[in-house]
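Before any comments, here is the structure.
The values are calculated or read from the model by the stated rules, or taken from the named source; none is laboratory data. All of these numbers come straight from a predicted model, not from anything done at the bench. A quick note on method: Cβ atoms are made from the backbone with ideal geometry, for glycine too, and the neighbour counts reach across all protein chains shown. Please note that ligands, DNA and RNA were not included when accessible areas were found on the heavy atoms of the full protein model with its side chains. Shrake-Rupley method; radii C 1.70, N 1.55, O 1.52, S 1.80 Å.
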Amino acid sequence: RQQAGVINKAVAYNLMLYSQRRQLHQAVAQWIESNNSANLEAYYPLLAHHWTQAAESQDARQQAGVINKAVTYLEKAGEQAMQNHASKEAIQFFTQALEWDRRQPVSMVRAEQRQQQVRRAGWHGRLGLAHYGLGNLPECERNVREALRLLGSPLPGNTLQFIAGLLPQVLLQVLHWNFPARFIGKARGTNREVTIEIARLYELMSRMYFYRNETIPIVYTVLRLLNQAEKAGISSELASAYASMSVLAGFTQLHKLAETYVSR
């Protein structure tokens with residue numbers, strides 16, 4: 001009897017016009033929001049489903065608002081999946097968020113464009129971390145590279161570019177050592193959040209290159225991690241950067257330098 005009821009519901013749903021289905025999904029999503037405001041996080045995946053199903057509205061003005069709702073809940077569901085170590089689900093949610101976000105109108109305001117770039121970079125960063133957790137390293141690198149590109153801090157594309165990029169990073173670290181008041185902890189507000197996100201991405205790439213035993217990229221990414229983390233100031237990323245530099249200095253027999261970073 002229960003199975004027959006499910007079949008009847010499916011048949012009734014399939015007989016509905018697409019416009020009716022969209023209206024139904026939107027009505028259900030709005031009902032969930034209004035009746036579960038105190039515990040809405042428990043419904044993020046369900047709300048993401050209903051708002052994405054409702055996002056095919058024929059009304060352009062209405063469509064923008066519905067798509068924004070869909071993207072918001074896909075992002076929230078993705079973050080929730082990451083916290084629960086559900087990498088496959090996180091990949092699904094963040095991939096959908098990127099797909100739906102491309103349908104939204106592009107803002108003509110430069111500040112809003114930048115804000116959207118940072119948001120997309122965050123999704124690519126989460127995708128990279130989720131793929132890393134599943135051992136899918138090529139997809140991890142692809143998404144991390146895209147995230148860094150969107151944040152204006154692209155990763156070199158080949159060995160020569162890594163080598164060319166080493167000297168500026170070494171010089172920047174020397175400046176940090178000699179003029180800490182001018183460089184360390186200078187990032188503030190949103191800029192600090194972006195700086196920390198860049199540091200996290202370079203930390204992830206340093207692990208990738210460590211597994212591949214690619215020496216020059218390891219040195220480059222650890223230096224980028226360190227310089228970005230110092231710019232942001234005290235954080236767990238800075239502790240990770242100092243630990244990484246102490247290991248790197250130890251491998252190159254620079255033991256006093258290694259001890260300095262350990263103490264930091």
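Relative to the longest principal axis of the Cα atoms of the chain, helix 137-150 runs at roughly 90 degrees.
Each peptide in 149-155, 109-115 was scored by the mean count of other Cβ atoms within 10 Å over its residues; highest first, the order is 149-155, 109-115. Element breakdown for the chain at a 1.4 angstrom probe: carbon and sulfur atoms account for 56% of the accessible area. Give me the one-decimal Kirkwood hydrodynamic radius in Å for the range 46-125, with the sum taken over alpha-carbon pairs. Computed over the range 46-125, the radius equals 13.0 Å.
Taking the chain as a Gaussian network of alpha-carbon nodes connected by springs under 10 Å, the highest mean-square fluctuation of the residues THR95, THR195, THR215 belongs to THR215.
Of interest is the spacing of the C-alpha centroids, which for the range 197-264 and the range 110-172 amounts to 16 Å. The tail of the calculated P(r) for the range 94-200 beyond 20 Å holds 53 percent of all Cα-Cα pairs. Sorting the Cα pairs of the range 149-227 by distance into bins of 5 Å, from 0 upward, gives 3, 15, 23, 25, 19, 10, 4, 0 percent per bin. In a fully extended conformation the segment linking ALA64 and SER263 would gain 66.4 nm over its present Cα-Cα distance, using 0.36 nm per residue. The distance between label points at SER107 and HIS85 comes to 3.7 nm (points 7 Å beyond Cα on the Cα→Cβ vector). Average accessible surface for the range 106-194: 60 Å² per residue, computed with a 1.4 Å probe over protein heavy atoms with every protein chain in place. Note on surface exposure: THR221, THR72 rank THR72, THR221 by accessible area, highest first, 1.4 Å probe. Once you keep just the Cα pairs under 8 angstrom separated by 6 or more residues, what percentage relative contact order results for the chain? Relative contact order of the chain: 10 percent. Taking Cα atoms only, the orientation of helix 44-54 departs from the longest principal axis of the chain by about 60 degrees.
Our analysis of the chain gives Rg over Rh at 1.09, with the two radii drawn from alpha carbon positions and Rh computed by the Kirkwood formula.
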